[in-house]
Amino acid sequence: MTDADPLRLLAVHAHPDDESSKGAATMAKYVAEGVQVMVATCTGGERGSVLNPALDRPEIWERLPQLRVEEMARAREILGVQQEFLGFVDSGLPEGDPLPPLPEGCFALVPTEEAAAPLVEIIRRFRPHVVLTYDERGGYPHPDHIKTHDISVVAFEAAGDPERYPDLGEPWQPSKLYYHMTFTLTRVRALHEAMVEVGADSPYAEWLANWDPERDMSSRVTTRVPCAEYFPVRDAALIAHATQIDPNGRWFACPMDVQQRVWPTEDYELARSVVDSTLPEDDLFAGIRSEVPVP
Ligand SMILES: [Zn+2]
């Protein structure tokens, strides 16, 4: 790795705060190793709620879009990453039966080829070796998360092709595309059992009881990145999204030492690769590091 051409990692996320709950410790670890890390945030999170009871006040709701930009700026500093908004509008999480239609002009309704354009531009400018995104189900059934997956796959495949998006910069082919595999049954069950063992009050019991094993992603994990020493950085970044997280809620219920001991990694599925690497991996840059010229 050289100063002239360091390794680069691009994480594509749907809303401000998603970067702090999925892969944040991985990013902090790579930043500490000298990797350049960029977060591309598809939407401004304008349709999010105030999820922190201590901040659930009218003056907070009024300023929510601006507050989310400010919170993102704090999280960006804590994680040590660069970050850009792609400029799409949050689709909101439709609720009810039947589901209401998505709001006009929202991210999820933008045709995928068109919505991928600003991401292609970032890939060609930032030239990441590795791109992180969500799996095809969004990792969480929010229309913006599924759209984030869709545009990431299109951009990964198009950015290196000079015939696609010809006006958006010099072609650049990232080497690897990964999906976050953060909430696997295996991990949540391990954390739950460890909490029960130390006599802590586990928030996961109900979640586990309702978990459809058919929808578990554990078997898809190809890559486990050891990053336990950066879990506190992850939590600090998450807390910076003050309107979006209850500091007394489920996210922080599992004691830090239990997490670090029981599940010291963040996990991924290698979805596309143009380089050779041996699975399972413990490094997102496996197969790439040797290709970057050393002085
Ligand atoms: Zn989100």
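For segment 97-136, enumerate the residues that are open to solvent by 50 Å² or more (accessible area, probe 1.4 Å) and among the β-branched types (Val, Ile, Thr).
Of all residues in segment 97-136, those open to solvent by 50 Å² or more (accessible area, probe 1.4 Å) come to 97-102, 104-105, 109, 111, 113-114, 121, 125, 127, 136.
None; the set is empty.
Anything in segment 212-235 that is among the basic types (Lys, Arg) and touching a helix residue (DSSP H, G or I) at 6+ places or on another chain (Cβ under 6 Å)? List them, or say none.
The initial filter retains those residues of segment 212-235 that are among the basic types (Lys, Arg), namely 215, 220, 224, 234.
Passing the criteria: only 234.
For segment 179-206, enumerate the residues that are among the polar types (S, T, N, Q), open to solvent by 20 Å² or more (accessible area, probe 1.4 Å) and in a loop (DSSP other than H, G, I, E, B).
Initially, segment 179-206 is screened for residues among the polar types (S, T, N, Q), giving 182, 184, 186, 202.
Then drop every residue that is not open to solvent by 20 Å² or more (accessible area, probe 1.4 Å), which leaves 182, 186, 202.
Of everything in segment 179-206, those that are among the polar types (S, T, N, Q), open to solvent by 20 Å² or more (accessible area, probe 1.4 Å) and in a loop (DSSP other than H, G, I, E, B) turn out to be 182, 202.
Being modelled with pLDDT under 95 and in contact with a His (Cβ under 7 Å, 6 or more places away or on another chain) is the filter; apply it to segment 137-174 and report the residue that is surrounded by the most Cβ atoms within 10 Å (Cβ to Cβ).
Our first condition is that a residue be modelled with pLDDT under 95; within segment 137-174, this holds for 137-142.
Among the residues that remain, those that are also in contact with a His (Cβ under 7 Å, 6 or more places away or on another chain) are: 138-139.
On the way: 138: 18, 139: 22.
Looking at the filtered set, the residue picked out is 139.
If you go through segment 50-74 one residue at a time, how many are closer than 27 Å to residue 109 by Cβ and either free of Cβ contacts under 8 Å to residues at least 12 places away in the same chain or open to solvent by less than 50 Å² (accessible area, probe 1.4 Å) (or both)?
Number satisfying all stated conditions: 10.
Picking from 69, 39, which residue would you name as being on the phi < 0 side of the Ramachandran plot and touching an Asp or Glu at 6+ places or on another chain (Cβ under 6 Å)? Spell out the reasoning first.
Working: 69 fails: touching an Asp or Glu at 6+ places or on another chain (Cβ under 6 Å).
Testing whether each residue is on the phi < 0 side of the Ramachandran plot and touching an Asp or Glu at 6+ places or on another chain (Cβ under 6 Å) leaves just 39.
Can you find, within segment 138-157, the residue that is nearest to the ligand (Cβ to nearest atom) among those that are under 11 Å from the mean Cα position of the chain (by Cα) and assigned to a helix (DSSP H, G or I)?
Restricting attention to segment 138-157, the residues satisfying the condition of being under 11 Å from the mean Cα position of the chain (by Cα) are 138-139, 145, 148-149.
Filter once more, keeping what is assigned to a helix (DSSP H, G or I): 145, 148-149.
On the way: 145: 6, 148: 8, 149: 12 Å.
By that ranking, first place goes to 145.
Report the residue count in segment 232-254 for those that are buried (at least 19 other Cβ atoms within 10 Å of the Cβ) and in a helix (DSSP H, G or I). Can you show your working first?
If we filter segment 232-254 for residues that are buried (at least 19 other Cβ atoms within 10 Å of the Cβ), which is where we start, we get 233-235, 237-245, 254.
Narrowing further to those that are in a helix (DSSP H, G or I): 233-235, 237-240, 242-244.
Residues that pass the stated criteria total 10.
From the list 77, 70, 62, 33, pick out the single residue that is at pLDDT 95 or above and more than 17 Å from residue 239 (Cβ to Cβ). Working first, answer last.
Working: 77 fails: more than 17 Å from residue 239 (Cβ to Cβ); 70 fails: more than 17 Å from residue 239 (Cβ to Cβ); 62 fails: at pLDDT 95 or above.
The conditions single out 33.
If the requirement is being within 25 Å of residue 260 (Cα to Cα) and within 16 Å of the ligand (Cβ to nearest atom), which of these qualifies: 19, 77, 71, 33? Explain how you work it out, then say what you get.
Values: 77 fails: within 16 Å of the ligand (Cβ to nearest atom); 71 fails: within 25 Å of residue 260 (Cα to Cα); 33 fails: within 16 Å of the ligand (Cβ to nearest atom).
Among 19, 77, 71, 33, only 19 is within 25 Å of residue 260 (Cα to Cα) and within 16 Å of the ligand (Cβ to nearest atom).
Per-residue answers, yes or no, for (1) under 16 Å from the mean Cα position of the chain (by Cα); (2) in contact (Cβ under 8 Å) with a residue 12 or more places away in the chain; (3) open to solvent by 30 Å² or more (accessible area, probe 1.4 Å):
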residue	(1), (2), (3)
227	yes, yes, no
256	no, yes, yes
266	yes, yes, no
270	yes, yes, yes
275	no, yes, no
278	no, no, yes
282	no, yes, yes
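Looking at (1) of a type in the set (A, V, I, L, M); (2) more than 14 Å from the ligand (Cβ to nearest atom); (3) modelled with pLDDT under 95, which is the one condition that is false for residue 117?
Result: residue 117 passes all but (3).
For segment 120-137, enumerate the residues that are away from the ligand (no atom under 16 Å from the Cβ) and in a strand (DSSP E or B).
130, 131
Out of segment 36-66, which residues are more than 23 Å from residue 155 (Cβ to Cβ) and within 16 Å of the ligand (Cβ to nearest atom)? Even if it seems obvious, please write down each step before you answer.
At the first step, the residues of segment 36-66 found to be more than 23 Å from residue 155 (Cβ to Cβ) are 47-66.
Result: 47, 48, 49, 50, 51, 52, 64, 65.
Find the residue count for segment 134-175, including only residues that are within 15 Å of residue 124 (Cα to Cα) and basic (Lys, Arg).
Going residue by residue through segment 134-175, those that are within 15 Å of residue 124 (Cα to Cα) are 151-175.
Imposing the further condition that a residue be basic (Lys, Arg) reduces the set to 164.
Qualifying residue count, segment 134-175: 1.
Cβ-Cβ distance below 7 Å, separation of 6 or more or different chains: which pairs start in segment 103-119 with a residue that is closer than 15 Å to residue 45 by Cα and end on one that is in a helix (DSSP H, G or I)?
Matching pairs, first to second residue: 107/115; 107/144; 107/147; 108/143; 108/144; 108/147.
The values are calculated or read from the model by the stated rules, or taken from the named source; none is laboratory data. On a predicted model such as this, the values are computed, not experimentally measured, just so you know. Virtual Cβ from ideal backbone geometry, glycine too; neighbours counted across all protein chains shown. Only protein heavy atoms, including side chains, enter the accessible area calculation; ligands, DNA and RNA are left aside. Shrake-Rupley method; radii C 1.70, N 1.55, O 1.52, S 1.80 Å.
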